[in-house]
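Beneath this line is the structure, given in structure tokens, with notes to follow.
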Amino acid sequence: MKLFLIVNPNAGKKLGTAAAEEAVIFFRRKGIETVSAVSDYPGHIPELIKSVEKDAYDGIVAVGGDGTLFEVINALENSPGANRKPVGVIPVGTGNSFVKDLGISSIEDAVARIASGNTKRIDTGSFYHSGEKHSFINLLGAGFVSNVAYRAKKFKALGAFSYILGVLQEVAFLKSTAIELEIDDTVIKRDSVFVEICNSRFTGGDMLMSPESKIDDGLLDIVILNRVSRLKLLKLFPVLFKGLHVKDPSVEVFKGKKIKLSSAIPLHLTPDGEILGKTPVEVTINPGSIEMFA
């Protein structure tokens, strides 16, 4: 087996390079050859993907967090030759939310999964921004969660704790927004704090946003938090880590394949924790569009 590693040196607490070096050692012990390329600037990953000779490698591995995987997935889906290759993940980022659905918790664990050669088809979601199609593999958020992601970037050096700080800051400015959701053929209107369109279960590291989501069921789970007080939100926050928030009357969960979201005021969107686009937005599921080592 020969792998092409795409390394984000700034992932996590700027530990991407060290993590890649550790992974290479583990791969070498298993007789697996690797070639590493470092992403030096935003937008570099698509260039690296285009440089991949599709017949030269058995897989492409993202060394980084959810944001790195987001860039790799989008680059691959825009490179028809390369996206036939399985994708692996070496977790190094701030949240590492998606890999939890692959049962990966460490670098050595990730290497073992990749070295096994076992793969599965994974769904992605897609939406358009500025005329360009973008894919997400974790979730697409709008409202409170998007604002938290924006604030968390300021504290990225603190790792997963940055999301907690972002939540606490955003609570101080809590407000709801009138939204309209069209889920397949059903239209609902709500006064909501946030909407999460989920492909996988976790966000912000260990927050179990969508406990029933499955990454290969051909469906997206839509989690809505309707208008609540600051006190109620603070009470809901701790149980979110166990996924128990979905049992609260203020939270609603729907499933669908095609979702249209509009809002009284434009809301920032956060696909896989990245800030990209605003409402209104139309989201669709792409069943089994990516093959991953798992």
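Sort 259-271, 188-200 by the packing proxy (mean of other Cβ within 10 Å over each peptide's residues), most packed first.
In descending order of packing, they fall as 188-200, 259-271.
Measure out, as a whole number of angstrom, how far apart the alpha-carbon centroids of segment 135-186 and segment 35-85 sit.
27
Round to the nearest 0.05 the FRET efficiency obtained for Lys54 and Ser106 when R0 = 41 Å and r is the Cβ-Cβ distance.
The value I calculate is 0.90.
Give, in nm to one decimal, the length gained when the segment between Lys154 and Val35 is fully stretched (0.36 nm per residue of separation minus the Cα-Cα distance).
Value of the extension gain: 39.6 nm.
Using DSSP, restrict attention to beta bridges with both residues in the chain and report what percent are antiparallel, rounded to the nearest 5.
The antiparallel fraction comes to roughly 75 percent.
Let me know the Rg and Dmax you get for the chain when you use only its Cα atoms, in Å.
18.6, 56
Quick check on my link table: of Lys120/Lys255; Lys189/Lys242; Lys13/Lys247; Lys54/Lys278, which ones sit more than 32 Å apart, alpha carbon to alpha carbon?
The answer is Lys13/Lys247; Lys54/Lys278.
For the chain, what are the DSSP H helices with axial Cα length of 18 Å or more and mean Kyte-Doolittle hydropathy of at least -1.0?
16-29
Sorting check: for 45-52, 139-146, which peptide has the highest mean count of neighbouring beta carbons within 10 Å, and how do the rest follow?
139-146, 45-52
Obtain the nm distance between the two label points defined at Ser250 and Val171 by a simple spin-label model: each point lies 7 Å from its Cα along the Cα-to-C-beta direction.
1.1
Give me the net charge for the shell around Glu180: Cβ to Cβ below 12 angstrom, other residues only, Lys and Arg +1, Asp and Glu -1.
Every neighbour counted, the sum reads +1.
Kirkwood Rh over Cα pairs of segment 2-117 into Stokes-Einstein at 25 °C, 0.890 mPa s: D in µm²/s?
Translational diffusion coefficient: 179 µm²/s.
Any read-out appearing in this document is the output of simple, stated calculations on the displayed coordinates, not a laboratory observation. In this text the structure is predicted, and so the values were computed from the model without any measurement. Note: ideal-geometry Cβ built from the backbone for every residue, glycine included; neighbour counts use all protein chains shown.
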